[in-house]
Amino acid sequence: MKKINFIGLPLLALTAFANISLANDLEEVVVTSSLIDASASDISNPIHVMNGQSISDDASQSLGSIIDGLVGVSTSDFGAGVGQPVIRGLGGSRVKVLNNGKVVRDVSALGPDHLNQIDLGHLEQVEIVRGPSSLLYANGAVGGIVNIVDNTIAKQDITDAKFEIGAGYEDGNTGNTGTASYQGNVNGINVTSSIQYSNLDVYAIPEHALHHDEEHEGHGHEEEEDPTSLKDSDFANFSAKIGLSKVADWGYAGVSVADSNTTYGIPFHGEHFECEEASAICIEVEEEEEEEEEGEHEHEHELVHAIEDTEGHCAEHPEDCVKGEDGKFYELVQEKEERIFTRVDSKTVTFEGLYNFNGGLVNSAEYSIRDTDYVHVEAHAELGGHDDHEDEEEHEGHGPTTFSNQSTELAVKFDIGDESMGQKIALNIAQEEIAIFADHGEEDADHDDHDDHAGENYLEPTQSDELTLGYYISNQLDFAHIDFGVRYDQIDRETEDGHKYDDSLLSFSFAASKQLSDNLGVSLGLSSVEKAPSAMELFVDGDHMVTQLHEVGDDSLTAEKANNIDLTFNTAASGFDVELSLFKNSISDFIYLNKTGEFNVTADVLDDLELEIAEYMQQDATFEGYELQISRSINVANGSLVASLGRDSVDAQFDQGGYIPRTVPTRNLVSLNYSGNDGLNWLVSLKDIQGQSKVAANEEATDGYQWLDVKLSKGFKLSNTEVLNVSVFAKNLMNKVARNHSSFVKEEVPLPGKNIGIKAKLSF
């Protein structure tokens, strides 16, 4: 593999020298932050901001599920552990997930079963961003960005030390969670640390939630056909992070280290039969069953596991054996039950800071270097009658599939604005190496490097080099307030076996807003964003066992170009706040994975598989729709009540005809949120999801459903320094059968049933 060089060391040395030599000449700068507005980060004009406290009080959920109740924002799940954000019908690599304004370089875009590896400990807020300011932070963000803001590297001095310890229990998955954190100032150094722990068993599902073929009905499978929980939907995580920072009149500088380990089951991975040993064959046998009512005989064919009889067992026990086509006798062996699960190990080191200049062209320079080592392993395990994740042993007949991403990124943002005009310039340099290796399990003990194992590269190690220059301006003119962003990207990708891709991309975004009257405002957004094809889309060639597809990339793919127009009206009348947005996003050369209907048969001593071939292709597509939100705030006794009604709708079609698969259905979102002056808060939210009948070829329609969530929290002041916060929550309180149409496995994996839980956190 190519070695990724650490970049930016000269910049660090220069910055450290400048901090020391010029510190006495600069004026003091005070940085402020808030938990409920955009000032907690430097990203301008987010369309949604979620309070970190409200997230930590709720059930343990994937990132996509956390933001799923926002207008225009949804999720694509693969069971409860995995939920990738979807914005206006766009997800995957078209929505970038950021942590404190820096791209999270995991492998979530390489498969629908891959989670966004985000540590939500010590969380301040979650921001959803579209428009000009998003161009400063990520390339190819056609849908937008989701920014996770925490305080791991403190940007202002921490004045009071604070400890927090919390625990929770959820009955829907008999799961328990725990948190602990500390923040304080030790000898002028700000110290923050946090750990997150969760151990969630398989989640409960409503009665009759699973689909079953009619041919299996009436054959005595009642227990199997109506389970109360979803197999392999368990989830366990342990993550820890620590940050140190120094704040002075010249700005701040800090470093953080984050380590996260996650294990979760894959609740659906297709069906195939496996002969596990070199002397094994797969034999089709016929079973005869009698219908109870009609007395008729019905024949079923079943593949069974058989091992060649080399010790004469079949002569004494012929009932245990079958004769193969080769004339040999084989002993029937009961196939052991197994499951597929995923282990994720992520380590991230971040150095960042901000340097304030004393006058001149540049007001300040914000810089960061982030190094990430991310490994995602999909493995088989034989069930051993225990629940401990760490005790699982990989199946001897199936080697793991390893997805890895090693990356280093340097980012510098210069603030060159003045009192009348905000201006920023951004420079990003990133090196990233992604590889997917499928090990068939025949390892050579004399070799440690996986390149020497009996396996194949599903995706050859691919080095990506990205160079970005961005510019953002915000100004209040006489006729309107304007925001403008432009971004230039140079993208180079190369595999170890010599395949190459390189392109130069230009993206821009413009927004203008004007208050037409005291009660009516309007804003117009125009953007043209180019997105390079990913390494996966270009170079992949191999069997993805979880999705049961043989995926094939195309190195001739060209960059997508998304031209978007967005018109928004907002008004305040008779105590109601109303916002209506209309949008149309035309994407040239839209990249998608197309199932060809042809099959690739892999037949060897280990497997007899038939995987459908799916190829990455391109054609023009259009996404258009609307978002409506109506809300009213009412003063009630000892607090305030906010009532909200939202509706969003997306229509996604290929220009040559046909709907785009897994398009988000129309949704109605209703909520009542009470905030009391005595620390009592409660929230009732209802999602009314419409059925989705606008489906792609070979895609099933999905029924609608109603999803009711309730949460109650109360803060108890135990002393001047001690506060106990308790929250009680219920998810899917009506226990409705629900399927997320955006999910890759919507037919096989229903959403969780009713889940009631409690969390408590002590701060002192």
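The values are calculated or read from the model by the stated rules, or taken from the named source; none is laboratory data. Just so we're clear, the structure is a prediction, and the values are computed from it rather than from any experiment. When we count neighbours, we look across all protein chains shown, and the Cβ atoms used for this are built from the backbone with ideal geometry, even at glycine.
Matching residues to (1) assigned by TED's automatic domain parsing to the domain that holds Lys531; (2) more than 22 Å from the chain's Cα centre (by Cα); (3) under 26 Å from Leu469 (Cα atoms):
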position: Gln117; (1), (2), (3): yes, no, no
position: Leu135; (1), (2), (3): yes, no, yes
position: Val146; (1), (2), (3): yes, no, yes
position: Lys162; (1), (2), (3): yes, yes, no
position: Tyr169; (1), (2), (3): yes, yes, no
position: Ala209; (1), (2), (3): yes, yes, no
Worksheet item: Counting just the residues of the stretch 162-189 that are hydroxyl-bearing (Ser, Thr, Tyr), in contact with a Lys or Arg (Cβ under 9 Å, 6 or more places away or on another chain) and surrounded by fewer than 19 Cβ atoms within 10 Å (Cβ to Cβ), which one comes out nearest to Gly757 (Cα to Cα)?
Response: Tyr169
Discussion item. Being hydroxyl-bearing (Ser, Thr, Tyr) and free of Cβ contacts under 8 Å to residues at least 40 places away in the same chain is the filter here; which residues of the stretch 164-201 pass it?
Written reply: Thr174, Tyr182
Practice prompt. Taking Val529 as the residue in question, decide whether it is β-branched (Val, Ile, Thr), at pLDDT below 95 and within 22 Å of the chain's Cα centre (by Cα).
Written response: no
Item to complete: Kindly check whether there is at least one residue in the stretch 693-713 that is on the phi > 0 side of the Ramachandran plot and part of a loop (DSSP other than H, G, I, E, B).
Response: yes
Worksheet item: What tally of residues in the stretch 734-764 results from selecting those that are in a loop (DSSP other than H, G, I, E, B), in contact with a Leu (Cβ under 6 Å, 6 or more places away or on another chain) and surrounded by fewer than 17 Cβ atoms within 10 Å (Cβ to Cβ)?
Response: 1
Discussion item. So, in the stretch 82-112, exactly how many residues are out of contact with any Pro (no Cβ under 9 Å at 6 or more places or on another chain) and assigned to a loop (DSSP other than H, G, I, E, B)?
Written reply: 10
Item to complete: Give Thr75, Thr15 a once-over and let me know the one that is at pLDDT below 90 and in contact with a strand residue (DSSP E or B) (Cβ under 8 Å, 6 or more places away or on another chain).
Response: Thr15
Fill in: Hey, Ser693 polar (S, T, N, Q), free of Cβ contacts under 8 Å to residues at least 12 places away in the same chain and out of contact with any Phe, Trp or Tyr (no Cβ under 9 Å at 6 or more places or on another chain) or not
yes
Fill in: Condition check for Thr192: in contact with a Lys or Arg (Cβ under 9 Å, 6 or more places away or on another chain), in a strand (DSSP E or B) and either closer than 13 Å to Ser60 by Cβ or modelled with pLDDT under 95 (or both)
no
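Per-residue answers, yes or no, for (1) surrounded by 15 or more Cβ atoms within 10 Å (Cβ to Cβ); (2) of a type in the set (Phe, Trp, Tyr):
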residue	(1), (2)
Gln476	no, no
Ala480	yes, no
Tyr488	yes, yes
Ile491	yes, no
Glu494	yes, no
Leu505	yes, no
Ser517	no, no
Practice prompt. Would you check which residues across the stretch 227-266 are surrounded by fewer than 17 Cβ atoms within 10 Å (Cβ to Cβ) and among the small types (Gly, Ala, Ser) and list them?
Written response: Ala248
Worksheet item: Hey, any hits in the stretch 583-596 for a residue that's modelled with pLDDT of 95 or more, in a strand (DSSP E or B), under 22 Å from the mean Cα position of the chain (by Cα) and within 24 Å of Ala697 (Cβ to Cβ)?
Response: yes
Practice prompt. For the stretch 146-169, enumerate the residues that are in contact with a Phe, Trp or Tyr (Cβ under 6 Å, 6 or more places away or on another chain) and assigned to a strand (DSSP E or B).
Written response: Phe163
